[in-house]
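The values are calculated or read from the model by the stated rules, or taken from the named source; none is laboratory data. Quantities reported herein were computed from a predicted structural model and do not represent experimental measurements. No Cβ is skipped: glycine too gets one built from the backbone with ideal geometry, and neighbour counts run over all protein chains shown.
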Amino acid sequence: MKSISIQVFILFCFLQFGINSYAQPLSGNYTINQSLPTGGTNFISFTDFAARLSTDGVSGNVTAVVDPANVYTEQVTFHTIPGAGQNATVTLDGNLATIEAITTTTDRHVIRLQDVSWMTIQGLNVNYNAASTGGYYAIHIYDSASHVNIINNNILMGSTSTLHGGIVASGSLTSILDPGNFDHILISNNSIESGGYGVSVYGDANDLATQVEISGNAITDFADNGIYIRETDSIHILGNLLVKNANIISSANAIQIAQNANINAIIEGNSIQINQQNNGSQTIRGIYLFNGTGHKVFNNEVTNVALTSGNFTGIEVRSSATAPEIYFNTISIDDTNSASGNFMGIAEELSNTNSVLRNNLISITKPGTGTRAGLKLGATSTLTTALNSNYNDLWVPVGNVAIKGSSTPVLYPNLSDWQTASAQDANSVSLDPLFSSTFTLHPTNSLLDNLGTPIAGISDDKDGNPRDPITPDIGAYEYFITNISVADVQFQNNTYPNPSRGKFALMTPELEAGEICIQLFSASGKLCLEKNTFVNNHQTELTIDNLSPGIYLLSWNWHEKKYFSRIGIVN
């Protein structure tokens, strides 16, 4: 009897020890490799890894690296991770592995994060499986999420259906357009191809999504919205490339800020191209501010609008009294193919939006029928107060500087006509910017130099080069008129601090020592300084005295190559 009791006790201890040893929270480095069984630090599938996380949680930082040798075909859902926090994060490192799944109308995801916090997904290839039916979400952030990063992934959707989304944050298993609770979401440096929606974030009107950043993504071939945003506060949409190739006839937007619960959106430094040609009679918009207040749109460029049918607007503001601030944008509708639609630079959809327009460069030379206008006001707008517009370049030699209304618009063909009628744009001009190319929107017309006005909080241009603090240039880029070919100018981030009071450190590409000749040009092309200096250990110190505050072009030769920097001198 005693022997049996001892055996039972030993068995109990063994089981208890086994259970406890397996149930320890995860911490450290793991692998996902379907060629090996689950055990030790390996998981045979994404699903096994997700199950272990939700069951046992984490006690420290966890990184799982995926073996890229095989394609992983599975749908995986990550649930709430016990113990996750600032010092116990989870990173799924795709290591360029590929995952795909056969999705259906009721089960649309490849990867789903359901009520997950403190997790990063990076470096994965997420592909559409042609056997899928119904909807498709490559990465679905579902219901709620906090401190989630989706970075450096490649997503191929294989369809332009509006039921397909690349990276979707929503509160429904089967809808992109449903509210959820989200904060501290970073969606950055992903490549997303095809689909109805590239990136979509839909917060809750009663609990706006906050601390959301969408930056550095390449979103191509979208059919409906490249980036779609609802119910957010202070979302930052920064430095994305959005290219619409999808030859599908539909109303579409590269970036849309939808509904009135969106507030304080910052849309900065994005590049938008429209390669699609046929869009029937539908309208494509570059940036669409559907509703909401407090929005700022600056340093964006719109170029290469290749449409031959259909309508296009660079930046459109829909709702009255929303008063977005729209600064330093360049809109080039200069494709040489004839088009039958209407092409607008910045437009009101409804009337009296109170939009603030400063330092925007709008060039529309695209030939064809239809209406062309730099500015479009709503049909019932009051000219003198509908906008607050000044210090812009409105170059529309094939149309009108401004119009009012759509069906039978009132036309203001010339800048003087518009200024007289509206008392707007007193310091604006109508000058051909003479872009260096249709893809490189650096103006070269010396008459356009230094005609902008400073805007508080915007000290750099789209390239990150400092703007002149007193007389910045109109458009997304500061530029220089020198005896140097614009095509040869390759600006480098190689001087610091920048701007400064006149003392700079200049960095060279190689470690070698040597003497270089430095030339400094003013924005108008005047040679202000020329001197030789010795470079050692990658750098030299440069002191610039007796020059007025402003933007200058610094030039030097190194190993038969010419280098340039824009530098700012301040008081």
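Per this entry, I315 is not counted among residues that are over 19 Å from N262 (Cα atoms), modelled with pLDDT of 95 or more and assigned to a strand (DSSP E or B). Each residue in segment 365-379 was checked for being farther than 14 Å from L411 by Cα and assigned to a loop (DSSP other than H, G, I, E, B), and 4 pass. Whether any residue in segment 360-368 is buried (at least 19 other Cβ atoms within 10 Å of the Cβ) and touching a Lys or Arg at 6+ places or on another chain (Cβ under 6 Å) is what I want to check. Within segment 360-368 (the criterion being buried (at least 19 other Cβ atoms within 10 Å of the Cβ) and touching a Lys or Arg at 6+ places or on another chain (Cβ under 6 Å)), the answer is yes, since at least one residue qualifies.
In segment 554-571, the qualifying residues are those that are of a type in the set (S, T, N, Q) and at pLDDT 70 or above, and the one that is farthest from E478 (Cα to Cα) is N557. Would you confirm whether or not segment 392-405 contains a residue that is out of contact with any helix residue (DSSP H, G or I) (no Cβ under 8 Å at 6 or more places or on another chain), in a loop (DSSP other than H, G, I, E, B) and closer than 24 Å to E268 by Cα? The answer is yes; a qualifying residue exists.
Flag: I551 matches the condition of being modelled with pLDDT under 75 and touching a strand residue (DSSP E or B) at 6+ places or on another chain (Cβ under 6 Å). Summed over segment 127-155, residues that are under 22 Å from S251 (Cα atoms) and either among the charged types (D, E, K, R) or assigned to a strand (DSSP E or B) (or both) total 2.
In segment 56-83, the qualifying residues are those that are assigned to a loop (DSSP other than H, G, I, E, B), under 29 Å from the mean Cα position of the chain (by Cα) and not polar (S, T, N, Q), and the one that is farthest from D115 (Cα to Cα) is P68. Exactly one residue out of F78, F43, F49 is under 21 Å from Y142 (Cβ atoms), surrounded by 16 or more Cβ atoms within 10 Å (Cβ to Cβ) and in contact with a helix residue (DSSP H, G or I) (Cβ under 7 Å, 6 or more places away or on another chain), and it is F78.
Among the residues of segment 329-384, those that are among the charged types (D, E, K, R) and within 27 Å of the chain's Cα centre (by Cα) comprise D334, D335, E348, E349, R358, K366, K376.
Kindly indicate which of T365, T330 is modelled with pLDDT of 95 or more, among the polar types (S, T, N, Q), touching a Gly at 6+ places or on another chain (Cβ under 7 Å) and on the phi < 0 side of the Ramachandran plot. Explain how you work it out, then say what you get.
Working: T365 fails: touching a Gly at 6+ places or on another chain (Cβ under 7 Å).
Only one candidate qualifies: T330.
Selection of segment 418-438 for residues being part of a loop (DSSP other than H, G, I, E, B) and within 13 Å of A386 (Cα to Cα) yields A423, Q424, D425.
The set of residues in segment 274-302 being at negative phi, small (G, A, S) and more than 15 Å from the chain's Cα centre (by Cα) consists of S281 alone. When segment 200-226 is filtered for residues that are of a type in the set (S, T, Y) and buried (at least 24 other Cβ atoms within 10 Å of the Cβ), the ones remaining, listed by number, are S200, Y202. Just one of (1) of a type in the set (S, T, N, Q); (2) at pLDDT 95 or above; (3) under 25 Å from G405 (Cα atoms) fails for S250. It is (2). Right, V58: within 18 Å of S146 (Cα to Cα) and free of Cβ contacts under 8 Å to residues at least 40 places away in the same chain or not? Here the answer is yes, as V58 does meet what is asked. Quick one: which residue in N152, N181, N206 is within 16 Å of N125 (Cα to Cα) and among the polar types (S, T, N, Q)? Exactly one residue qualifies, and that residue is N152. Taken together, the residues in segment 348-357 that are crowded, with 24+ Cβ neighbours inside 10 Å and part of a strand (DSSP E or B) amount to 3.
Condition first: surrounded by 22 or more Cβ atoms within 10 Å (Cβ to Cβ), among the hydroxyl-bearing types (S, T, Y) and either under 25 Å from A205 (Cβ atoms) or in contact with a Phe, Trp or Tyr (Cβ under 9 Å, 6 or more places away or on another chain) (or both). Can you find one or more residues in segment 246-265 that meet it? Looking through segment 246-265, none of the residues is surrounded by 22 or more Cβ atoms within 10 Å (Cβ to Cβ), among the hydroxyl-bearing types (S, T, Y) and either under 25 Å from A205 (Cβ atoms) or in contact with a Phe, Trp or Tyr (Cβ under 9 Å, 6 or more places away or on another chain) (or both).
Find the residue count for segment 126-160, including only residues that are crowded, with 18+ Cβ neighbours inside 10 Å, in contact with a Leu (Cβ under 7 Å, 6 or more places away or on another chain) and farther than 18 Å from S191 by Cα. So the count comes out to 3. Confirm whether S406 is over 29 Å from N450 (Cα atoms) and at pLDDT below 95. Spelling it out, S406 is indeed over 29 Å from N450 (Cα atoms) and at pLDDT below 95.
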